[in-house]
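One structure is given here, and the rest of the page talks about it.
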Amino acid sequence: MLKPLKALFVSLLGSLRDLTPIILVIAFFQIVVLQQPIPDLIGLITGIIFVLFGLTFFIYGLEMGLFPIGESMAHAFAKKGSVFWLLAFAFSLGFGTTIAEPALIAVAAEAAKIAAEGGVILNNEDAISGYATGLRLTVAFSVGLAILVGVLRILKGWPIHYLIIGGYIGVMVMTAFAPKSIIGIAYDSGGVTTSTITVPLVTALGVGLASAIKGRNPMVDGFGLIAFASLTPMIFVMAYGMLI
């Protein structure tokens with residue numbers, strides 16, 4: 001009983017340490033530079049407390065549950081020896097974690113709102129919702145495909161730099177043909193996918209798989225999946241913009 005509480009307290013201190021620079025920066029510019037009182041100070045303090053505890057429980061939950069299960073499932077699939085089910089799991093994991101990413105949900109909603117205001121889509125609730133959903137599904141599918149290719153790379157031992165270089169050449173080619181209104185969203189989509197939910201599980205999958213396969217080095221082969229997850233959304237979202 002004491003051990004989990006101690007670990008939770010350590011996680012709380014870590015979250016407080018991570019949030020302190022943000023709090024200090026906001027306080028400095030608000031009080032010293034702008035020289036204005038902080039609006040709704042009680043609400044701000046309450047929000048910071050909620051963020052502190054929310055971040056603590058989230059990180060603690062990842063370390064206690066999601067990291068171990070991702071790694072153990074990678075080991076289990078490797079021992080099972082079924083490439084099909086391993087690749088199916090990799091795609092499903094990438095798709096499922098991405099579709100649930102809070103950062104992607106926020107960016108997709110904002111992009112849909114701006115697209116409606118700019119006349120790119122109809123300015124009604126159905127069109128805005130459909131655009132945001134389509135954007136999220138496109139990014140989630142692209143990340144699922146990226147994780148699948150990344151796992152296949154680990155299995156086959158392909159050099160990662162060739163795939164990454166080829167992918168970014170594809171990004172540059174797509175940028176030349178995609179509508180200007182979608183390029184910025186596409187580039188941002190590559191960043192928001194590698195966030196709080198996707199990174200821990202995908203990293204655990206790569207490291208666990210590389211550890212379980214003979215001849216693979218977890219340090220060399222286990223990492224790199226996140227690079228694929230941030231690369232493919234740029235290409236797919238630009239294609240999505242060209243289609244709609």
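Here are the numbers:
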read-out	value
Sorted largest first, extent of the chain alpha carbons per principal axis (Å)	61, 58, 32
Relative contact order (%) - the chain, alpha-carbon pairs under 8 angstrom, separation at least six	25 percent
The chain: most fluctuating residue of Pro200, Pro159, Pro37 per GNM, C-alpha cutoff 10 Å	Pro37
Choice from Arg153, Arg17, Arg136 showing the highest fluctuation, given a GNM over the chain with Cα pairs closer than 10 Å	Arg17
Of all accessible heavy-atom area on segment 189-229, the percent that carbon and sulfur account for (1.4 Å)	67 percent
Heavy-atom surface of the chain, accessible at 1.4 Å and reported per residue (Å²)	56 Å²
Label-to-label distance, nm, for residues given as Tyr162 and Ala7 (7 Å Cα→Cβ offset)	4.1 nm
Approximate spin-label separation Ser195-Asp126, in nm, with each point projected 7 Å along Cα-to-Cβ	2.9 nm
Separation of alpha-carbon centers, segment 88-160 and segment 23-73, rounded to whole Å	26 Å
Relative contact order (%) - criterion: Cα under 8 Å, at least six apart; region: segment 9-91	31 percent
With all protein chains modelled, accessible area of Leu13 [1.4 Å, Å²]	90 Å²
Relative packing of peptides 94-105, 25-36, 116-127 - highest average C-beta neighbours within 10 Å first	94-105, 116-127, 25-36
Mean projection area, nm², convex hull over Cα of segment 30-170	14.2 nm²
The chain: most fluctuating residue of Ile48, Ile197, Ile22 per GNM, C-alpha cutoff 10 Å	Ile22
CD proxy at 222 nm, helix term only [per DSSP H run n ≥ 4: -39500 (n - 2.57); per residue of the chain; nearest 500]	-27000 deg cm²/dmol
Nitroxide proxy distance, nm - points 7 Å out along Cα→Cβ at Phe58 and Gln35	3.7 nm
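The values are calculated or read from the model by the stated rules, or taken from the named source; none is laboratory data. The structure displayed is predicted, hence computed values, not measured ones. Don't worry about glycine lacking a Cβ; one is built from the backbone with ideal geometry, like all the others, and counts go over all protein chains shown. Remember, those area values only see protein heavy atoms, side chains included, never the ligands or the DNA or RNA. Shrake-Rupley method; radii C 1.70, N 1.55, O 1.52, S 1.80 Å.
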